[in-house]
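Undergrad: Below is the structure I would like to discuss, written out as structure tokens.
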Amino acid sequence: MRRLYLSTTIIFWLLVSAFWASSLWLPPADESVAVAAEKVISRTELAKHALPDNCWMAIRGTVYDLSAYLPRHPSPPELVLPWCGKEATEAYDTKTKGRPHSAYADELLAKYRIGILAANKP
């Protein structure tokens, strides 16, 4: 009886170790699913979101819903609102004054990501 207990215990821990070791070589499942499931947004769809309370922008090929953030943005709204519903990479990269946004702004922007901009599609 003792031999059976030891054998099954050893087999159990070998299997646990094997599953753990295999997880080190595989990418996390949720990352690959997130990339595959990311919404592709056309320029036509982007253009429909050009209002202060419904503001989407495309920056570097990624689309962000900035509606909730606009009231907290440090710049006056009239500087940001013209870019709602548009491709705004140049405006974001230069702040339309030749200065880039900070690394903190890039981190903050990531929270509002909703998809990717469709390449060369209306």
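Undergrad: Quick one: order Glu45, Glu90 from most to least accessible surface, probe 1.4 Å.
TA: Reading off the accessible areas and sorting them downward yields Glu90, Glu45.
Undergrad: So which trypsin sites (Lys or Arg not before Pro) in the stretch 36-122 pass both tests, a DSSP loop state and at most 15 other Cβ atoms within 10 Å of the Cβ?
TA: Lys39, Lys48, Arg60, Lys95, Lys97, Lys111
Undergrad: Could you sort the peptides 8-15, 73-80 by per-residue average Cβ neighbour count (10 Å cutoff), highest mean leading?
TA: Going from most to least packed, we get 73-80, 8-15.
Undergrad: Check each of the chymotrypsin sites (Phe, Trp or Tyr not before Pro) in the stretch 54-122 and keep only those in coil by DSSP with at most 13 other C-beta atoms within 10 angstrom; list them in order.
TA: Sparse-neighbourhood loop chymotrypsin sites (Phe, Trp or Tyr not before Pro): none present.
Undergrad: Quick one: Karplus J couplings for the stretch 102-111, per residue in order, coefficients 6.51, -1.76, 1.60, θ = phi - 60°, nearest Hz, x for Gly and Pro?
TA: 6, 5, 4, 5, 5, 5, 5, 4, 4, 5
The values are calculated or read from the model by the stated rules, or taken from the named source; none is laboratory data. The shown structure was predicted, so the numbers you read here are calculated from the model rather than taken from an experiment. Don't worry about glycine lacking a Cβ; one is built from the backbone with ideal geometry, like all the others, and counts go over all protein chains shown. The accessibility values were calculated without ligands, DNA or RNA, using every heavy atom of the protein model including side chains. Shrake-Rupley method; radii C 1.70, N 1.55, O 1.52, S 1.80 Å.
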